[in-house]
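Asks: I have a structure I would like to understand better, so I am pasting it below and will then ask my questions one at a time.
The values are calculated or read from the model by the stated rules, or taken from the named source; none is laboratory data. Predicted model, so just to flag it, every value in this text is computed and none were measured. As a convention, Cβ positions derive from the backbone with ideal geometry for all residues, glycine included, and neighbour counts pool all protein chains shown.
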Amino acid sequence: MALEKHRNILDYTLQALLRRKFKNIGIILVFTFVIFMLSSILFLSYSLRQEAHLILQDSPEIVVQKMRAGRHELIPINLEKDIRKIPGVSSTEPRYWGYYYDSGAKANYTILGIGTAILKNNRLLNGRMPLPHEKNVAAIGRGIADVRIIKKDIGSTLYLQAADGRWMNFNIIGIFESDSEIITSDLIIISEDDFKILNNMPEGMATDLIVHVSNETEIPTVAKKVKEQFPDSRPILRDEIIRTYDAVFGWRSGLIITLFTGALIAFIILAWDKATGLSAEEKQEIGILKAIGWETSDVLEMKFWEGLVISLTSFISGLILAYVHIFFLGASLFAPALKGWSVIYPDFKLTPFIDFYQIATLTAITIVPYIASTIIPSWKASITDPDTVMRG
Amino acid sequence: MIRTENVTKYFNRGNPDEVIAINDVSIEIKKGDFTVLKGPSGSGKTTLLSLIGCMSRPTSGKVIVENRDVSRLPERFMTEVRRNTFGFIFQQFHLIKGITVSDNVMLPLYPTGIKPSKLRKRAEEILINLGMGSRKDFPVQKLSGGEQQRTAIARALINNPDIILADEPTAHLDTHLSEEFLSIMRNLQQEGKTIVVATHDPLVYEKDCVNLIVEMRDGMVKDIIKKN
Ligand SMILES: Nc1ncnc2c1ncn2[C@@H]1O[C@H](COP(=O)(O)OP(=O)(O)OP(=O)(O)O)[C@@H](O)[C@H]1O
Ligand SMILES: [Mg+2]
């Protein structure tokens, strides 16, 4: 009985929505677009952040760089034995890495010379890694394989120009298949020996030093000690890096805040229009319903259904479109804005990470005000005496 | 059945545009009466009808319907009385455009929670009685004036009301259709329903079946004529 009542009112609401088809479709389109923009932004920023975290999780606790005149410089490997004496340090190792500018693709790749350090984050590797002293072999990211290599597979050859101008050839023995992960996609891994030749590295020098600390709580103390002993060094903590990523990909980044406010303003206009504009026809309909025996609460229930049907339809379609846009189409609409990647990631795909807390927030800031803006003006209309309808 | 006791209704009370639409009106309508509220434009017919029908509340005085003072009821109960006791036929018909004839007829009872299939059956019965059976799935805006009114009558009857209120029902109808309307009302009267019509159409108030004429002027009762 009670349930039937609500079903009847819902039935009527659906009829009413169909009657004003064009107006309502218009509202749904705008609303869907707003949700699409907002959730695209949320999906994108959240997934980027998650990926960054995932990768950085495997990165060393402390990286020590040598600084000269405020710039990063090669570090002497023999610092290792002094650093190892600092209490709390469990091991150290040199790292060889840098960038390789590919003038053909106009892109910078990250190039890593592998020594004793084996990249932990290799679960996505297809094939294998180069060994520290193995010559002319490389493992590369999918992004590079697609840009640089004709056959695009293990067994083909990658050519890189060395510091002295000679071309070196590398046999591809492994590919990071995930085109989703930001860091591995543009990565080239070669042996330590090849790296030194390619970049003409002086003996006894590395790009930076990795310091492993077994006890999390000792990390800041160790970093402080390093800085004290070697004032021209800069210890970088993993936590700092994570925080930097958060700032770049997080809510506050410029691109995101701009798009976000834009979409929000569109939504506010939509809701405002709804909140202020009850057409004469709608007003009269409310009067008629009241006059023929509907209670104020019945009228409001109808308006509630109306708001819910419209906002839920828009919300779900906006969400689905955003999901497809970000995770299947590689955020193609935002690509021009995300300059850094658009070259090397012409069609990068993110792993879907969804933050349900953000979706709940989005619901709260869109569906709730929309329903309110549907109900409130009708509430004003429906508490007036129905006898006004007799004169309409 | 219906009694008003010194009913007064102001609009915009206390403002410069204050109007006294009904002034100290006391009338009594018995069960089965066919009553006409008669009077020139602005005399307060519509206002009185809406007070009787629980569509608005008097500023002072009492409206008593079936021995119950409805003039001070909270809105929920007023709605309940309105839904259970009255059937309204408006001058402009006030059908909801874009839905069918039978959906319009069913509309008053949607919030009661009666099963739609049952409601629809009842609506169709009433429409058939009014000769509208073939029009039940028509969108209302495609109906002729007379058909629209019969749809409005059917809607007024869906809740099987004891009292039928009609405001200027013949204003938009030609003589032939007005006669038809009156014969429908007469049939309803014979079924035992009480009928109150606000009109200044002689075609209505000169009918034999009308047995109570309340003549209004400037919000007051000028004359009450009882027949048979
Ligand atoms: N909502 C309102 N606000 C202000 N004045 C009103 C309102 N409703 C009615 N009035 C005034 O009350 C008086 C009575 O109006 P009412 O509609 O009851 O007359 P009526 O006899 O039905 O007239 P008509 O034959 O033109 O329908 C009129 O002067 C009218 O202007
Ligand atoms: Mg009137």
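Asks: Within the stretch B:163-192, track down each residue that is away from ligand 2 (no atom under 16 Å from the Cβ) and within 14 Å of chain A (Cβ to nearest Cβ).
Replies: Across the stretch B:163-192, the qualifying residues are B:163, B:164.
Asks: Let me ask you something else. So which residues in the stretch B:41-59 are of a type in the set (Val, Ile, Thr) and within 16 Å of ligand 2 (Cβ to nearest atom), if there are any at all?
Replies: Once the filter is applied, which keeps residues that are of a type in the set (Val, Ile, Thr) and within 16 Å of ligand 2 (Cβ to nearest atom), the stretch B:41-59 yields B:46, B:47, B:52.
Asks: Here's a follow-up. Taking residue B:16, is it more than 14 Å from chain A (Cβ to nearest Cβ), within 14 Å of ligand 2 (Cβ to nearest atom) and at pLDDT 90 or above? Give the steps one after another, and end with the answer.
Replies: Numbers: more than 14 Å from chain A (Cβ to nearest Cβ): yes; within 14 Å of ligand 2 (Cβ to nearest atom): no; at pLDDT 90 or above: yes.
In short, no.
Asks: Name the residue that is modelled with the highest pLDDT, counting only residues in the stretch B:193-227 that are polar (S, T, N, Q) and more than 16 Å from ligand 2 (Cβ to nearest atom). Steps first, answer last, please.
Replies: Pass one, the stretch B:193-227, residues polar (S, T, N, Q): B:194, B:199, B:211.
Right, trim to more than 16 Å from ligand 2 (Cβ to nearest atom) and you get B:194, B:211.
Details: B:194: 96, B:211: 91.
Step by step, filter the stretch B:193-227, then rank; the result is B:194.
Asks: Now a separate question. Among what's in the stretch B:111-152 and is among the hydroxyl-bearing types (Ser, Thr, Tyr) and away from chain A (no Cβ under 11 Å), pick the residue that is surrounded by the most Cβ atoms within 10 Å (Cβ to Cβ). Give the derivation first.
Replies: We begin by selecting, within the stretch B:111-152, every residue among the hydroxyl-bearing types (Ser, Thr, Tyr); these are B:112, B:117, B:134, B:144, B:151.
Add one more test, that the residue is away from chain A (no Cβ under 11 Å), and what stays is B:134, B:144, B:151.
Numbers: B:134: 10, B:144: 10, B:151: 27.
Step by step, filter the stretch B:111-152, then rank; the result is B:151.
Asks: Give the residue, chosen from B:11, B:34, B:77, B:88, that is more than 25 Å from residue B:199 (Cα to Cα) and among the aromatic types (Phe, Trp, Tyr).
Replies: Within the list B:11, B:34, B:77, B:88, the selection yields B:77.
Asks: Name the single residue that is farthest from the other protein chains (Cβ to nearest Cβ) among those in the stretch B:37-62 being near ligand 1 (Cβ under 7 Å from one of its atoms) and polar (S, T, N, Q).
Replies: The qualifying residue farthest from the other protein chains (Cβ to nearest Cβ) is B:43.
Asks: Consider residue B:38 carefully, then state whether it is under 28 Å from residue B:228 (Cβ atoms) and within 16 Å of ligand 2 (Cβ to nearest atom). Before the answer, list the steps.
Replies: Values: under 28 Å from residue B:228 (Cβ atoms): yes; within 16 Å of ligand 2 (Cβ to nearest atom): yes.
The answer is yes for residue B:38.
Asks: Somewhere in the stretch B:219-228, is a residue surrounded by fewer than 21 Cβ atoms within 10 Å (Cβ to Cβ), assigned to a loop (DSSP other than H, G, I, E, B) and touching a residue at least 12 places away in the same chain (Cβ under 8 Å)?
Replies: Checked the stretch B:219-228: at least one residue is surrounded by fewer than 21 Cβ atoms within 10 Å (Cβ to Cβ), assigned to a loop (DSSP other than H, G, I, E, B) and touching a residue at least 12 places away in the same chain (Cβ under 8 Å).
Asks: OK, next. Could you list, ordered by first residue, the pairs with Cβ atoms under 7 Å in which the first is in the stretch A:13-27 and of a type in the set (S, T, N, Q) and the second is surrounded by 15 or more Cβ atoms within 10 Å (Cβ to Cβ) and at pLDDT 85 or above, at least 6 apart or interchain?
Replies: Close Cβ pairs satisfying both conditions: A:13/A:302; A:13/A:305; A:13/A:306; A:13/A:309; A:15/B:99; A:15/B:103; A:24/A:17; A:24/A:310.
Asks: Output the residues belonging to the stretch A:238-282 that are touching a Pro at 6+ places or on another chain (Cβ under 9 Å), hydrophobic (A, V, I, L, M, F, W, C) and modelled with pLDDT of 70 or more.
Replies: Passing the criteria: A:267, A:268, A:271, A:278.
Asks: Write out, first by first residue and then by second, each pair whose Cβ atoms fall under 6 Å of each other, whose residues are 6+ apart or on separate chains, and whose first residue, in the stretch A:371-392, is over 16 Å from residue B:80 (Cα atoms) and at the interface with chain B (Cβ under 7 Å from one of its Cβ atoms) while the second is at pLDDT 75 or above and away from ligand 1 (no atom under 16 Å from the Cβ).
Replies: A:389/A:288
Asks: May I pose another question? Report the residue count in the stretch B:189-211 for those that are buried (at least 21 other Cβ atoms within 10 Å of the Cβ) and either touching a Phe, Trp or Tyr at 6+ places or on another chain (Cβ under 9 Å) or assigned to a loop (DSSP other than H, G, I, E, B) (or both).
Replies: 7
Asks: Scan A:306, A:301, A:285 and give me the residue that is of a type in the set (D, E, K, R), within 27 Å of residue A:388 (Cα to Cα), part of a helix (DSSP H, G or I) and away from every other protein chain (no Cβ under 14 Å).
Replies: On the way: A:301 fails: away from every other protein chain (no Cβ under 14 Å); A:285 fails: away from every other protein chain (no Cβ under 14 Å).
That would be A:306, the only listed residue that is of a type in the set (D, E, K, R), within 27 Å of residue A:388 (Cα to Cα), part of a helix (DSSP H, G or I) and away from every other protein chain (no Cβ under 14 Å).
Asks: Of the numbered conditions (1) among the aliphatic types (A, V, I, L, M); (2) more than 16 Å from ligand 2 (Cβ to nearest atom); (3) away from chain A (no Cβ under 14 Å), residue B:158 satisfies every one except a single condition; which is it?
Replies: Condition not satisfied by residue B:158: (3).
Asks: Take residue B:83 and decide whether it is closer than 25 Å to residue A:301 by Cα, away from ligand 1 (no atom under 16 Å from the Cβ), free of Cβ contacts under 8 Å to residues at least 24 places away in the same chain and not in a loop (DSSP other than H, G, I, E, B). Talk me through it step by step, then tell me what you get.
Replies: Details: closer than 25 Å to residue A:301 by Cα: yes; away from ligand 1 (no atom under 16 Å from the Cβ): yes; free of Cβ contacts under 8 Å to residues at least 24 places away in the same chain: no; not in a loop (DSSP other than H, G, I, E, B): yes.
No, not satisfied.
Asks: Does residue B:72 qualify as being among the basic types (Lys, Arg) and touching a helix residue (DSSP H, G or I) at 6+ places or on another chain (Cβ under 8 Å)?
Replies: Judged against the criteria, residue B:72 is not a match.
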